[in-house]
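Following: one structure in structure tokens, then a few remarks.
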Amino acid sequence: MPPMSTASVAIDLGSSVITTVVGGRNDHGQLHILGVGQSPSAGIEAGQISHVSRAASAIRQSLEQAEASSARQILSVGVAVSGAHLQSMNNRGAVALPSIGEPIRDSDLIRAIDSGRAVTINASSTLLHAIPRYYVVDSERRSFDPRGQHGQRLDVSMHLVTASQSAIQNAAHCVQNAGVDVELIAAKPVVAAERAVRGDEKEFGVLVIGLDAGTTTLTAFEDGAIAHTSAIQVGTSHIARDLSIGLHCSNEEARRIMHLHGQAIPQLVANDAEEIELRRFSPGAGEGQAVTPKFVAEIINARVCEIISMITHRITEHQLQQAVAGGIVLTGSGAMLGGLDLLFSKAMESPTRAADAGDLFGLTDKLSRPDALGAVGMLDWMLDSGDVVQTERTGASHRRAERSGSMLASLTSGVSSLARVFSPNS
């Protein structure tokens with residue numbers, strides 16, 4: 001195994017699967033996965049906690065699997081959260097530089113960032129991310145990293161992501177109830193998109209669409225920088241519900257059919273395709289009726305087209321056409337539906353691809369799919385932040401460390417002090 005100085009732990013609180021990843025960077029800077037844990041979600045709906053004890057139990061199961069596979073005791077984690085409560089805005093900050101004879105330093109960037117993040121937000125919300133998009137020196141020279149340059153004024157364009165205070169507190173509370181501390185909380189659409197998008201795609205513009213169980217998220221990049229983050233409260237669970245109603249089967253059976261036979265374009269299903277046998281509602285009733293794959297695809301297509309219509313409205317509302325023109329990247333469990341990339345490409349007249357987690361080493365079998373990007377992206381984000389999560393420590397009494405001050409303030413302030421704060425395009 002390549003040597004690693006530190007390791008971190010990330011957990012994605014998905015509405016269908018909770019994924020825990022333990023890993024670090026090897027000598028080449030690549031992610032090396034030491035352990036993975038996955039458990040079916042319980043007590044989480046549309047990205048938010050709906051039942052604390054059930055969610056804590058599911059989280060604990062995922063953590064225990066990750067501990068067993070990594071042979072490490074997990075004491076603290078970074079948490080990726082989603083939900084329709086996530087909102088974003090772009091704001092500008094500016095500061096005067098102390099001396100034109102002195103180069104721009106880290107302290108100047110910090111002052112500019114503090115100016116750019118000073119906005120009034122709803123009392124029920126909290127600032128989850130304050131990400132520098134780019135800097136401008138003397139109102140004329142745009143730069144992703146102005147350190148070492150000279151000037152009289154430093155401007156910064158900031159991308160601010162807010163979240164519901166109660167949603168963040170509930171997520172942190174459930175993770176702590178599972179027996180570990182929370183080091184950091186980040187927006188899943190942001191960390192997943194950062195992992196999924198390539199540098200050239202950021203430069204030309206790209207829209208990352210996360211088709212998760214409870215939500216569909218949008219993360220846009222324009223001119224090399226993040227420009228928009230939001231969520232729509234419709235996801236693949238709605239597709240499964242449509243199948244349950246249309247096929248007269250249980251939700252569990254509908255999800256099975258969607259994952260095994262899901263196709264978003266009915267025309268791509270062969271006319272002579274073998275029929276699908278449905279399981280009856282009652283476990284002892286044997287097999288149910290048979291349905292054609294084309295009929296299943298028609299049900300899926302109707303809901304996906306509705307989701308595309310909602311995304312198109314959001315694109316128009318926030319003027320994200322430049323991002324769409326550059327391309328679309330699909331993440332989440334829905335990205336694995338057959339023909340989905342072709343359907344999006346045709347509907348939005350833009351090249352579309354399903355995301356992957358990039359170069360990974362170690363225990364990667366469960367992490368190569370688009371639905372693993374939340375956990376992998378969170379791990380990547382934590383390692384880049386320098387806020388290393390300690391995964392090995394002696395003494396079980398450390399599993400529930402006491403915190404002083406505001407838990408919410410400590411968790412969210414850590415997110416905005418990441419390494420990217422100085423070089424947002426690094």
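The values are calculated or read from the model by the stated rules, or taken from the named source; none is laboratory data. All figures in this text were calculated on a predicted structure; none of them were measured in a lab. All Cβ positions, glycine included, derive from the backbone under ideal geometry; neighbour counts span all protein chains shown. Surface accessibility is based on the protein's heavy atoms, side chains included, excluding ligands, DNA and RNA. Shrake-Rupley method; radii C 1.70, N 1.55, O 1.52, S 1.80 Å.
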### Query
Going through region 120-161 one residue at a time, which ones are part of a loop (DSSP other than H, G, I, E, B), farther than 20 Å from Val190 by Cα and not charged (D, E, K, R)?
Thr120, Asn122, Ala123, Ser124, Ser139, Pro146, Gly148, Gln149, His150, Gly151, Gln152
### Task
State whether the residues of region 21-44 include one that is among the hydroxyl-bearing types (Ser, Thr, Tyr), open to solvent by less than 60 Å² (accessible area, probe 1.4 Å), touching a Gly at 6+ places or on another chain (Cβ under 6 Å) and in a strand (DSSP E or B).
no
### Query
Does region 232-279 hold any residues that are charged (D, E, K, R), farther than 15 Å from Ala290 by Cα and without any contact (Cβ under 8 Å) to a residue 12 or more places away in the chain, and which are they?
Glu252
### Task
Only helices (runs of 4 or more DSSP H) wholly contained in region 326-426 count here; list those with 1 or more residues that are at pLDDT 90 or above, under 22 Å from Ala10 (Cα atoms) and among the β-branched types (Val, Ile, Thr).
373-385
### Query
In region 64-95, which residue that is out of contact with any helix residue (DSSP H, G or I) (no Cβ under 9 Å at 6 or more places or on another chain) and of a type in the set (A, V, I, L, M, F, W, C) is nearest to Leu363 (Cα to Cα)?
Ala66
### Task
Kindly list the number of the only condition in (1) open to solvent by 70 Å² or more (accessible area, probe 1.4 Å); (2) on the phi > 0 side of the Ramachandran plot; (3) not hydrophobic (A, V, I, L, M, F, W, C) that fails for Gly327.
(1)
### Query
Among the residues of region 216-274, which ones are of a type in the set (Val, Ile, Thr) and assigned to a strand (DSSP E or B)?
Thr216, Thr217, Thr219, Ile226, Thr229, Ile232
### Query
Within region 70-80, can you find the residues that are outside any loop (DSSP other than H, G, I, E, B) and open to solvent by less than 10 Å² (accessible area, probe 1.4 Å)?
Ser76, Val77, Gly78, Val79, Ala80
### Residue list for region 53-111, filter: in contact with a Ser or Thr (Cβ under 9 Å, 6 or more places away or on another chain), farther than 23 Å from Asp212 by Cβ and among the basic types (Lys, Arg)
Arg72, Arg92
